[in-house]
Structures are given as structure tokens and as C-alpha cells.
Amino acid sequence: MRYTALLLNSMASTTTNNWNKLSRAWVNDFAIPSTSKSPSPHQLSKSSLQTAIQRTLPLLNEDPITSVPFICRYRTDVIHPLSTKQVFQLSDYIQKYQSLSTLRNKILQCLASSSNNQRLQQNNETTVLRVETSISKSELDDIYAPFKPPAKGTLEERIKTECPELVVQIDGLWSRRNNNNNNDDGVDDYDYQQLKKMLKIYHDKAVILLANRIAGDANVIDAIMDQRKYCRVQVKQSTGGGGSRGSAKASSTKGKSASRKPASATTTTTNTYHDYNNKISNIQDHQVLAIRRGVDQKVLKLTFELNDDHVKRTALQALHASSNSKTNNNHAFVNKLYRDALEDAWTRLLRKRCTSRLWKEKCQHAELRAIEVFCENLNKALLAPPAAEMIGGDSNKALLALDPGFKAGIKAAILSSEGKTLVLETIKFLGGATEREEGKRQLLSLLERVQHINNNGSGGSSHDGNDICVVLGNGHGTREARQLLQDVTTQNSNLTVDIHLVSEAGASVWSVTEAASDEFPKETPASIAAVSIGRRYLNPLAELVKVPPKSLGLGMYQHDLSEKVLDEKLTLTSIDCVAEVGVDVNSCSLAILQKVPSLTKTLAQKVFNARPLKSRKDLLRVKGLGDKTYENAAAFIRVAGGSEPLDNTMVHPESYDLARWLLKELQWKLNDATSVEKDSDSEDEVWTAAAKKAAKKFTVSEDRAHSVIEHLFFSITSPDPRTRKSSGVASTSSPSDIGSAAGCAALSSGISTVDKLREFLPHRNIIGTVRNVVDFGAFIDFGLENDGLLHRSKLGPVNLGSLLVGQDIGVDILGVSKDNKISLGLAGLNFPVDDADAKKRRLSSANGKRGDGPVSKKKRRK
């Protein structure tokens, strides 16, 4: 009874003891393996991580999603040494944990009712801990399997109806695994002779019954799953239809994006896997997704290779290890029954179940990594430095944004540096010489208007010769638009242009939104896409948050991922980016206000309608915005020119008194960057001393006081964190000229097709723009229809993670394969010409794969 009570009490999920159990169970997933031979540094790191996880879990329990940005920035003393990425991971864990609470409680109740002997109780204590801490539904399902009643129509159900006495005998035999003696005298009173008689009549049925029990034994399943390192995956080109026994579909399409790639697109991607064999543990994530796509499209057939004899021996050992040592040793016919049942359990049930689970877990891991890559690229795109300062930082400065096109013309927009639309026009240039000249005349007129606006704004003459900023969308027709610009500037020497390529993915999605139609009620959606392109250059965050992240073309195998999970993760990334920068509540758009942590769309609309706000405290007057929402959101909302100067800083309202004291102690002024001591040698000492004094005075931790000092420092010296981020292509250890776009030129206008590109390899020092960064490299747009792949092996000393989406870099074009896949190298490294097809064969033989390959701009979603 005491044990049963303990089991039932363990179902409480909010106790300190529970946080302790979870932190101990999960810490290994967060610990960084030590590179030292001594185990002590790793142990210390693991201990500190466990403590941090235990402290952080209660903060995430109430709201594991929207509270993360607040916790990562204003509870650093609690979460230390966890990183922001680890806190998001912990948030995922607790969401999964909470989603399994019903199944978990059901299993705990079953375990409590089954604890009728000492041996089973000892086994259950270990199992209970697994149940209490697991975030894997597959693992919980395996534990729950023995308690599930047989489904109607199964073999066992029919045997129960036909031979109920056999079921009793097999259940009695199975229970002997956990109980050596059945009476007080130590004598095993099980009737083995009766079982022997029944086996002569019902041997096959007895094997089925016992096999079902073996297949539901968690210890056996764990032992088999531990053999995953020996499991190999074999992929063959499908001859049509489904696979044979041992084959498996990669995954169900349920929950995936409805927009799957067509079979024609899949064929090119999966050619490498027509004869592929590798250990399942060695297959890379992008390879898993490519194989799964091929299986879903019935292009590939997937089978699993296992040493069946070895696995069965392992399962038998697990069966004996989990049972009493004396069970079944004196009865040869019983041992044979177990061996026959194990053979049946493996062949009929466990092989398919375990290989399917292995592949499912592999696919889930690959999906999570693909989503992580998508989120990393989105983060880089949203936090790209704003370019308004690059064109003068003056509201009178302007730029020309062009959305390339052919028959429909080039959509053009003149924008101020604040993103205000000054002119909208369409340039028609296709047709004969007359039409082209008219298009050039229109473009010249627009360029002169931009020059006039800029020169008047700076007080200069109309012939000052300042470069005109032209933002050009990278899509179908970009090369033609660039050529038109070149023709115009060549004929007019007083005009010089500075061209910036910007991704136009998703621009047409924004142009059909209600917000776009409200801003441009008299314009068609096609005519205003150029506005979005120009604004993306001026302020990427403010503009890109208006577009659904999936439309930005930043992911890997996007259409093969869970649509619900992808949407959720990308939304959280957008929210975290907005939290990183902050928003001016009285001037920001509704779209960006809706991305403030903890503000729902309804609350954001109410705050938007309540403008202008004079202070952060005014947020509490908004109906429906309570104290908890205010705590999570207030620090990310800025109020400029209000009665409280700290309302326009990163400092949280809860720390205003502390911040005021620190400003006096450090002699800093919020509106004077020169008042801040920037000597790095003395900075640490001064900050540490101030943090210690503040901690004692305000009864807070030194870490909390130090974080407020940091918030004040950055609010004074560089309020926009995007300007603090490094955008250099090269790592600190690499030469400055490697990969630099300086000194590089656009691809020659005479090379307009892949076939012409192939004729004159290599092409050195070509300007390209990073379009996508994935695990195996980056896709670079250098002006043709297809992007090129800059493989991670061609980066030299440059870190792949340092590449930013939208960044201009210098590349060498090294090879073009028969299926038009283009291989690149970083400029300055002088790699030799690459035989792309030979390399592809080498990668195939080494079980390698590049992934999706080049992306056609025609197929990109705007």
C-alpha cells in the first residue's frame, strides 16, 4: 500500500522534487561533452547545468512559449549558465512533457496496481522514474504495451475465446519471471505438467500468446533499440508500388505541408540514393529527408538490414536478465517454448516495430534540425543591420527599388530612407528598339528624380554626383534589369548607381494583404511589390515580419516538415528577434507589435488603438493586459520622449530604481554616449564593484545587477543590437580578402545560360549573394537562373555559421554538372576547376549527399 501511495503521489507535476527528477533526467541532453581526459570539468559543468535547469523549469511551467524572451534577458541570474538556445530547448521539453501527462498518469496507475510482489516493485521503481521524466511518446507506449487489453479481432483475442485455459497457463508462466516462489515454503507450485500436455495440442497458440508478452516487455524493447548502431539502411530505386516485408515508408504525410514537391523534382534530388547503403546512425539529417521524400513519392524503396541472430540473442539475454535466475532452468520444453516465442515475437512483431521506430526517430531528429536551420536563417535575415544609415540616415535621402519582370514590366518605387513611398511606376522595355529606348528613358527619369531628392535634401546641386542607391529584387529578370541600368548609366556619366540585390521571396505575399491594400488602395498588388523590396533593404526586421516566414525561402526541405511545428518555431523566432531589438510603440506597425512577446493579436490591436502612449505604465490601462503580460512584454516596448527616460531603454521597469542608482554610481547619462567609460581594461573592475554595491543595497544577486549595467551600457552606446553584430564573411583567423565582395564583379552579361557558364570555367571573383545557409554549405545567387552551392569544404578558414542571408560575398564558379548543379568556391582560395559529376559519384560512393541542389528562381515563391 505504501508503494502504491508513492506511485500515485508521484503524479503531482509541479513539486520541487519533480523539477529535481526532470533536471537529472534531462541534463545529459544539454551537457557539452568534455574534451579533457579528466572527468572533473565535465562533471562540474553537468552539475551546474542540472542546477540551472532545475531553477529554470518553474519559470517555464506556467507559459513555456511566450515567456522565453523575457527569461533569457531578464532572469539571467536564474538560468546561468544556460544559453538562449538551451532555454528554448528546455521550453520544448516541458511542452512535450506536459502534452504526455494523460498517458503518463494512466501508466503510473497501471504500475501502481501491478506492484504485488517485491521483484516487480524493484523493476517498477526504475520504470516509474522513466515514466515520470520521459518526453518520448514511443517510450511511454512501449511501457504501456503490457497493460493494454488486446484489440478486437487479433490472434490473442480469438485464442482467449477458443482456449481460455491456455491463456491462464501462459499468464502464470510469464508471471514466474518476476517471482521465483509462489508459496511460503519456497516451492514453485506452477503446474508444468499441465502446461506440457496443453503444448502438445496448442503449441502454436501458446507461442503466439507468449510472443505477444515478450513483444510488450520494455526491457526487451530497450535491448533491441540499443542495437541501433548495427542497423543499416538500404535504399534502392523503386520499380513501382510498395515495398516488401522489412520495407517501410519514410513517414506519413499527416501533419506535413500539403505542398509536396512533384515527382519530377524529387527524381533529381534522389538520384544519388538509387543504390545507397549506410548505418542508420551515420546518415546525415539532409540525407534522411531526401530519402524520406523519395520513399513518399515512390521513387525509392527503403529496407533495413539487421543481424537477426545477434538481435535475438540480445533480446533473450535481456529477457533472462529481467527475470529471476532460477525461472525455467529445470524444464527444457519451457526453454524451447521461450525460444520459439522469441523467434515469433521478433519475426512477426518486433522487427518491423523497432526498425520503424528507429527510422521514425531518425526522421524526427532530421526534421528538428531542418527546422533549426530554417530558424537560424530567419534569425539572421531579421536581424540584418538596417541600411537606412548606409544611404545617409537622412529622411530626405531616397532610393530606387526595382521588382524585375518581363511582359508585366519592371515595377519601380522611390522610397525615402524611412520607407515612405514617394513614386510608383512600371517600366516597360520589352519589344523592339523603340520600346527598349522608352524603358531606358523611364528608368533615367526615375534615377534623376532620386538624385534630385537627395541633392536637394543635402543642400547640393543636382549634379553633385552622389551614388544613387538602387535596390534590385533577385528573381526572374534580374539580369535584364541590371543590364538596363548599366545601359542607362553608361549613356549618362553624371549618374552612378550602387546596386544592392535583395531577396524578393514573399514580396507578392505581402502585396495582397489587407495592410498593403489599405496603404495603397488605388494600386494593384503586382505594382507595389517593389515597395516591400525597398523596405527590406532599409529595415529588414520591420518589413520581413509582415511576411509569413515560410514564404521567405530560407529553409531546407521545407515542404517535408510538419507544418504546425514549423509555423510555431518560426513564429517564436520572429518574436525573439523583435524582443532582441525592441519596438517603438508609438511609431511601429501593427505587424511588428503583434510579435512582441506575450502580446496576442487582440492585445496588440488594443495597444495600437491606445496610441500614443506616454509611458510603459500606460500599457496597464489597456483592457485585458494583466500584470503577467506586462512583466513579459514591457521591456521590449520603447516609449520615446515620455516622462520616464528609462522607458526608452532595455531596462525592465522592475529594475528602474536599481538602474537610477547605477547611473549615479557610474556617472553615466542616458542621452550622452561620451559619459560611458569604454576602457575595457578598467571596465570589468568598475562594473563588478558597482554590481556588488548594488546587490547589497537592493537585495538582488550580483548577476542581476550586472545585467542591468549591461542594459544601460548598450542603451546608451548602441541602442540597436543589429548594428553591433559583425557582418564580415571571414572568420577572425582568415585573411581579410578571402570571400570579400570588394574587388569582385558581377558575372559577365554575355553569360546568360548555364551552358555558356560551363564553356569558360572557372569564373573567378564573382559577386554573389547568400540566399540560404544549410548544414552542408550555402546556396549563392550570382545572377543566373540557378543558385550555386558553396560547399562547406570550399570555405577554407571561413566559418559556415558566419555567413549571413542576404550578404554579398566573392565566389569562384568551379563546376557545372550534367544536371546543371553549380559548384562554387570562396574567392581568394583559388580552388581548381571542379568535375561536379565525378565529385557527385565520389559522394555517392561515400554515402554523401548535397541535398536539394540548385533552386530555380522561377520556382521560388515570391
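The values are calculated or read from the model by the stated rules, or taken from the named source; none is laboratory data. Given the structure is predicted, the values throughout are model-derived calculations rather than measurements. Virtual Cβ from ideal backbone geometry, glycine too; neighbours counted across all protein chains shown. The accessibility values were calculated without ligands, DNA or RNA, using every heavy atom of the protein model including side chains. Shrake-Rupley method; radii C 1.70, N 1.55, O 1.52, S 1.80 Å.
Sorting Ser503, Ser752, Ser823, Ser587 by accessible area (1.4 Å probe), largest first, what list results? Don't skip to the end; give the middle numbers.
Numbers: Ser503 35, Ser752 60, Ser823 0, Ser587 85 Å².
Putting Ser503, Ser752, Ser823, Ser587 in descending order of accessible area: Ser587, Ser752, Ser503, Ser823.
Listed peptides 549-558, 493-502 appear in the order 549-558, 493-502 once ranked by packing, highest mean of other Cβ atoms within 10 Å at the front. I'd like the distance between the alpha-carbon centres of the range 689-706 and the range 284-317, rounded to an integer number of Å. The distance from the Cα centre of the range 689-706 to that of the range 284-317 comes to 56 Å. Label separation (Lys522 vs His274): 6.0 nm, computed from points 7 Å beyond Cα along the C-beta direction.
For the range 568-635, the share of accessible area belonging to carbon and sulfur comes to 51 percent (1.4 Å probe, ligands and nucleic acids excluded).
Only the Cβ atoms of Lys and Arg (+1) and of Asp and Glu (-1) were treated as charged; on that basis the dipole of the range 439-546 about its Cα centre amounts to roughly 180 debye. Protection proxy ranking, highest mean first, for peptides 398-407, 225-234: 398-407, 225-234, where packing is the per-residue count of other beta-carbon atoms within 10 Å, averaged. Under 12 Å Cα to Cα from Lys46, which aspartates and glutamates show up? Leave out anything in the same chain fewer than 8 places away. Counting by Cα, and skipping residues close in sequence, Lys46 has these aspartates and glutamates nearby: Asp29.
These residues, Arg104, Arg724, go from largest to smallest accessible area, 1.4 Å probe, as Arg724, Arg104. For the pair Asp77 and Lys152, the difference between a 0.36 nm per residue extended length and the Cα-Cα distance amounts to 21.4 nm. Carbon-plus-sulfur accessible fraction, the range 663-718 (probe radius 1.4 Å, protein heavy atoms only): 45%. If you find the alpha carbon centre of the range 536-556 and of the range 48-106, how far apart are they in angstrom? Answer, in whole Å: 28. Taking all protein chains together, His763, His559 sort by accessible area into His559, His763, largest first [probe 1.4 Å]. Taking every Cα-Cα distance in the range 591-698 and sorting them into 10 Å bins starting at zero, the pair-distance distribution P(r) comes out as 13, 38, 26, 19, 4 percent.
Per residue, the convex hull spanned by the alpha carbons of the range 639-701 comes to 93 Å³. Given a 1.4 Å probe and the protein chains all in place, what does the accessible area of Glu343 round to, in Å² to the nearest 10? In the full protein context, Glu343 sits at about 80 Å².
Here is the link list: Lys794/Lys818; Lys96/Lys546; Lys298/Lys352. Which ones come out longer than 24 Å on Cα distance?
Violating the 24 Å limit, Cα to Cα: Lys96/Lys546.
If the segment from Arg441 to Gln193 were pulled out straight at 0.36 nm per residue, it would be longer than the present Cα-Cα gap by 78.9 nm.
Converting the Cα gyration tensor eigenvalues of the range 330-448 into ellipsoid dimensions via √(5λ) gives semi-axes, longest first, of 70, 22, 7 Å. Amide H to amide H distances under 5 Å link Asp584 with Arg638, where only residues 5 or more positions off or on other chains count and H is placed in the peptide plane. Here the Karplus relation 6.51 cos²θ - 1.76 cosθ + 1.60, evaluated at θ = phi - 60°, turns the backbone of the range 786-803 into coupling constants of 9, 6, x, 9, 8, 5, 4, 6, 10, 9, x, x, 7, 7, 4, x, 7, 6 Hz, with x for every Gly and Pro. A probe of 1.4 angstrom, applied to the heavy atoms of all protein chains, finds His331 with accessible area near 50 square angstrom. Using a 1.4 Å probe and ignoring any ligands, DNA or RNA, find the accessible area of Trp359 and quote it in Å² to the nearest 10. Counting only protein heavy atoms, the figure is 0 Å².
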